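The values are calculated or read from the model by the stated rules, or taken from the named source; none is laboratory data. Only a predicted model underlies this, so the values are computations on that prediction, with no experimental measurement involved. Virtual Cβ from ideal backbone geometry, glycine too; neighbours counted across all protein chains shown. Just so you know, the surface numbers come from the protein's heavy atoms only, side chains and all, with ligands and any DNA or RNA stripped out. Shrake-Rupley method; radii C 1.70, N 1.55, O 1.52, S 1.80 Å.
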Amino acid sequence: MRTERLELRPPVEADRARLVELWMDEDFMVFSEGVRNREDANERFDRMLMVADRFPFAKQPVFDLASGTLLGYSGIDTFDYDGRERLEYGYRLDVPARGRGLATEAARALLSLADSMVEELDPVWQREVHALIDPTNRPSQRVAEKCGFRFWRHDLVEGFHDDILRRPLGHAD
Ligand SMILES: CC(C)(COP(=O)(O)OP(=O)(O)OC[C@H]1O[C@@H](n2cnc3c(N)ncnc32)[C@H](O)[C@@H]1OP(=O)(O)O)[C@@H](O)C(=O)NCCC(=O)NCCS
């Protein structure tokens, strides 16, 4: 998929080295559970491949259209909360790529794809996607708001005190 400035596509094995490097980078991993060691980062990439088999709008690498540089990732994964598995939208860009509206551009494109496929989605997902965001992470809150997410509640999710935002799928704001 292409946007004005980006290319997004499902992950392939050739993306592993760059993403593993990013997941081991402190600046890239700000507002997260922290940097991964090499083994964990590789496991994370394995999961990315697995989730990408389930959803075309799963977390996937984001490339600068002009240079082909891998800038980070954007897309959907799943998480467990309040007794059921739910969809979660997440994004992370390399430091030089931040502050230019690219995270919003990527997320809008993949969320539109998810909206367009809502009829094919298993009803278990209840036509909604969540975002889990540190309450002090204003840039991320803004990206989510601009993509149609709204505050739902604050709670402990997988060991972190996060704001949980929600966005309906199929009929965005
Ligand atoms: C969060 C992140 C993906 C945003 O990427 P980005 O491409 O810079 O985001 P955008 O440029 O699309 O939008 C950022 C918005 O936050 C705003 N913003 C940036 N810094 C801000 C600050 N300190 N306070 C308030 N708003 C801020 C920007 O002004 C912009 O909003 P606007 O368009 O209304 O002006 C990027 O900063 C990142 O990778 N951060 C580290 C990882 C991370 O936090 N991921 C999310 C985990 S939940």
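Quick notes
- Scanning the range 109-126 for residues being among the charged types (D, E, K, R), open to solvent by 60 Å² or more (accessible area, probe 1.4 Å) and more than 21 Å from D80 (Cβ to Cβ) gives a total of 2.
- Among the residues of the range 97-132, just one is among the acidic types (D, E) and under 17 Å from F151 (Cα atoms), namely E128.
- Residue that is over 17 Å from the mean Cα position of the chain (by Cα), at pLDDT 95 or above and within 19 Å of M29 (Cα to Cα), where the choices are P96, P139: P96
- Residue count for the range 83-92 under the criterion of being loosely packed, with under 13 Cβ neighbours inside 10 Å and either among the hydrophobic types (A, V, I, L, M, F, W, C) or not in a strand (DSSP E or B) (or both): the result is 1.
- Within the range 160-173, the set of residues being of a type outside the set (F, W, Y) and either assigned to a strand (DSSP E or B) or within 14 Å of the ligand (Cβ to nearest atom) (or both) comprises H161, D162, D163, I164, L165, R166, R167, P168.
- Single residue of V129, V157, V143, V95 found to be of a type in the set (V, I, T), within 11 Å of the ligand (Cβ to nearest atom) and surrounded by 13 or more Cβ atoms within 10 Å (Cβ to Cβ): V143
- For first residues located in the range 97-126 and within 16 Å of E7 (Cβ to Cβ), partners that are open to solvent by 40 Å² or more (accessible area, probe 1.4 Å) and more than 9 Å from the ligand (Cβ to nearest atom) and lie 6+ apart or on another chain with Cβ distances below 7 Å form the pairs L102/R5; E105/E4; E105/R5; A109/M1; L113/M1; L113/P56.
- Top-ranked residue of the range 164-173 - restricted to ones that are open to solvent by 20 Å² or more (accessible area, probe 1.4 Å) and charged (D, E, K, R), ranked as nearest to R127 (Cα to Cα): R166
- Filter result (touching a residue at least 60 places away in the same chain (Cβ under 8 Å), open to solvent by 60 Å² or more (accessible area, probe 1.4 Å) and among the hydrophobic types (A, V, I, L, M, F, W, C)) within the range 31-60: F31
- The single residue among G83, G68, G101 that is at pLDDT 95 or above, at positive phi, out of contact with any strand residue (DSSP E or B) (no Cβ under 7 Å at 6 or more places or on another chain) and away from the ligand (no atom under 12 Å from the Cβ) turns out to be G68.
- Filter result for the condition that a residue is touching a residue at least 60 places away in the same chain (Cβ under 8 Å) and assigned to a strand (DSSP E or B), over F63, F79, F28: F79
- Count - residues of the range 104-119 that are outside any helix (DSSP H, G or I) and within 13 Å of the ligand (Cβ to nearest atom): 0
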